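Okay, structure first, notes after.
The values are calculated or read from the model by the stated rules, or taken from the named source; none is laboratory data. Computed from a prediction, not measured in an experiment: that's the story for all the values here. Cβ coordinates were reconstructed from backbone atoms using ideal geometry, including for glycine residues, and neighbour counts include every protein chain displayed.
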């Protein structure tokens with residue numbers, strides 16, 4: 001059994017990770033932390049009935065925690081994670097970080113995007129971007145994995161293979177994404193309250209969302225050019241789920257694009273390339289670690305259209321983290337992860 005700590009366990013991603021870990025035969029969540037809820041049992045905080053119900057939230061005293069575990073899941077905000085990761089790594093504890101602190105190789109882009117100085121840029125050089133299907137071999141050898149954002153996961157999985165193999169034009173790339181409200185975390189702001197969200201649909205952070213530079217840097221890594229993408233996120237009046245509609249220009253027939261993606265992901269358990277003409281829905285991936293992708297062509301207007309759907313809390317966060325855990329410790333990557341969606 002690999003002993004783990006979930007740092008920041010009272011948020012949506014922390015709780016989702018614990019829920020997924022309930023059925024993992026080789027992972028033991030032995031420590032959970034929360035400054036706000038320290039001293040409370042998990043069952044008292046969230047009516048938890050699983051095997052971790054009696055775990056007690058602790059204060060995040062990292063030096064103490066590091067002596068008791070082999071891996072730390074950092075479900076804390078950007079800026080806070082980097083200091084924690086540095087201590088854990090010094091103590092030879094592997095780290096899977098949910099924040100953006102180690103996602104960027106270009107430290108200047110990180111500092112401009114998140115408006116803070118990075119204290120450990122040398123760790124960014126060692127960190128592996130945790131897009132499981134693309135960086136699988138690197139993740140297997142990693143001590144520090146930077147879990148991708150949910151929007152970037154939905155966009156990069158279809159685009160990276162196409163960019164890398166010169167099957168689409170580098171410009172334009174237009175990304176129209178919609179996510180459930182859990183993507184914003186457990187916030188008490190009026191903007192995310194029921195009356196503000198229910199029966200409404202809205203765009204937000206247009207041309208300034210923090211995931212845009214993340215998407216551009218990762219796409220540029222697989223291109224001979226610096227990639228720029230137009231990215232507009234939207235808030236859906238649902239709890240979980242994410243759908244991205246991506247507009248590009250194909251360099252070949254849609255049938256060839258489809259065949260290529262099908263072959264590229266044929267050995268991947270959690271990426272499904274749907275039949276031509278099939279439009280995937282959020283309901284098909286809710287509660288799973290799947291990303292479903294479909295490709296279409298608007299011949300009249302010369303645009304390729306890609307639809308990508310996933311559960312933002314699972315494949316977009318905690319499920320991908322667990323998939324990366326499996327890779328880092330030599331287990332089959334599908335252990336503890338479901339491909340069966342919630343019925344409702």
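What the table below lists for this structure:
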{"quantity": "Checklist (1) on the phi < 0 side of the Ramachandran plot; (2) at pLDDT 95 or above; (3) surrounded by fewer than 20 Cβ atoms within 10 Å (Cβ to Cβ) applied to residue 299, failing item", "calculated": "(2)"}
{"quantity": "Hits in the range 7-33 (condition: in a loop (DSSP other than H, G, I, E, B) and on the phi < 0 side of the Ramachandran plot)", "calculated": "9, 10, 11, 22, 23, 24, 25, 26"}
{"quantity": "Restricting the range 206-221 to residues that are assigned to a loop (DSSP other than H, G, I, E, B) and in contact with a strand residue (DSSP E or B) (Cβ under 6 Å, 6 or more places away or on another chain), the residue that is nearest to residue 146 (Cα to Cα)", "calculated": "209"}
{"quantity": "Of the criteria (1) buried (at least 16 other Cβ atoms within 10 Å of the Cβ); (2) assigned by TED's automatic domain parsing to the domain that holds residue 159; (3) more than 16 Å from residue 21 (Cβ to Cβ), which one residue 341 fails", "calculated": "(2)"}
{"quantity": "Hey, residue 308 within 16 Å of residue 133 (Cβ to Cβ) and buried (at least 23 other Cβ atoms within 10 Å of the Cβ) or not", "calculated": "yes"}
{"quantity": "Flag for residue 334 being surrounded by 23 or more Cβ atoms within 10 Å (Cβ to Cβ) and either in the same structural domain as residue 14 (by TED's automatic domain parsing) or modelled with pLDDT of 95 or more (or both)", "calculated": "no"}
{"quantity": "Residues of the range 242-279 that turn out to be within 19 Å of the chain's Cα centre (by Cα) and in a loop (DSSP other than H, G, I, E, B), as a count", "calculated": "4"}
{"quantity": "Residue list for the range 98-127, restricted to those being exposed (fewer than 15 other Cβ atoms within 10 Å of the Cβ) and either in contact with a strand residue (DSSP E or B) (Cβ under 8 Å, 6 or more places away or on another chain) or part of a loop (DSSP other than H, G, I, E, B) (or both)", "calculated": "106, 115, 116, 117, 119, 126"}
{"quantity": "Among residues of the range 193-225, those that are in contact with a helix residue (DSSP H, G or I) (Cβ under 8 Å, 6 or more places away or on another chain) and either surrounded by fewer than 13 Cβ atoms within 10 Å (Cβ to Cβ) or under 30 Å from residue 102 (Cα atoms) (or both), counted", "calculated": "11"}
{"quantity": "Residue count for the range 299-312, restricted to those that are out of contact with any strand residue (DSSP E or B) (no Cβ under 9 Å at 6 or more places or on another chain) and either in a strand (DSSP E or B) or not assigned by TED's automatic domain parsing to the domain that holds residue 276 (or both)", "calculated": "0"}
{"quantity": "Yes/no for residue 186 being surrounded by fewer than 15 Cβ atoms within 10 Å (Cβ to Cβ) and at pLDDT below 95", "calculated": "yes"}
{"quantity": "Residues (outside any helix (DSSP H, G or I) and within 8 Å of the chain's Cα centre (by Cα)) located in the range 132-155", "calculated": "147, 148, 149"}
{"quantity": "Failed condition for residue 68, given (1) surrounded by fewer than 17 Cβ atoms within 10 Å (Cβ to Cβ); (2) in a strand (DSSP E or B)", "calculated": "(2)"}
{"quantity": "Selected residue (only one of 313, 290, 327 is buried (at least 24 other Cβ atoms within 10 Å of the Cβ) and either more than 22 Å from residue 262 (Cβ to Cβ) or at pLDDT below 95 (or both))", "calculated": "313"}
